[in-house]
Amino acid sequence: LYKDIFIEFAPFGYQINSTLISIFPDKLITLEAMAFINSTLLLFGLYLLLNFFIKNNFFIKLAILSLIITTSFYSINQTNYIYPYSYAIIYGLNAFTWALYFLVHFAENKDLKFLYISLFLYGVCVMCKYEFIPIGIIYIVVLFKNLKNKKEIIYSLSSFMTVPLISFIGLLCKGVSFSDIKQSVIYASALMNADSIHALYEAKRIYTKC
């Protein structure tokens, strides 16, 4: 990644899949099984989140989850969460769901261990999809309002940086240099500004309107 293979995305989703394939059979069933486990955990996380906002009506929660399952998770009319367009997005979405769950837990009882777990999971989702980075504004506000000393700040930063450090150290151990990563950023920027990309999204917008 970033050296022999150009990617414009975060590395952790690829690293998860490569680790799985190195341990389990190098077959599609390995990724299918991981996607099924990930989807199940995501659904469970969504259910727990709904419990915070809809406490006493089981049928409303069931209806919401059923709608999500049929339109996204196991849809037969589009790429779904078992055969996704990108494994990174479903891994990142799962991590974000649980990060939000533990953040809400922290907001309720101010137990810092829930904040540390949430920050750890936020680090996971950022390293799966960089698009989650803007959500960090919420964490900055939470940290600013709740942390009282250097020890809590260090624990919080360490929790968030654990997975990014592991991910990038893994890349460096594979021979990736900082110049390789810099060059990938340059390529990605050029790709995002290419006329063909703008034409593709414009065609998609027109198709969606039709």
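List the residues, sorted by chain then number, that are 5 or more residues from Ala10 or on another chain and whose placed amide H is less than 5 Å from its amide H.
Correct list: Tyr130.
Measure up Lys113/Lys174; Lys55/Lys151; Lys27/Lys182; Lys110/Lys150 against 27 Å on the Cα-Cα distance and list the ones that go over.
Correct reply: Lys113/Lys174; Lys55/Lys151; Lys27/Lys182.
Show me 32-38, 93-99 ranked by packing, highest mean number of other Cβ atoms within 10 Å first.
93-99, 32-38
Output wanted: per-residue J couplings in Hz (rounded whole) for segment 91-100, from phi through Karplus 6.51 cos²θ - 1.76 cosθ + 1.60, θ = phi - 60°, x for Gly and Pro.
Result, rounded to whole Hz: 5, x, 5, 4, 4, 5, 4, 6, 4, 5.
In nm, to one decimal, how far is the Tyr85 label point from the Leu28 one, both placed 7 Å along Cα→Cβ?
Distance between label points: 2.0 nm.
Only the coordinates and a few stated rules stand behind these numbers; no lab work does. Predicted, not measured: the structure shown is a model, and the values here were computed from it. Cβ sites come from the backbone with ideal geometry, for glycine too, and all protein chains shown count toward neighbours.
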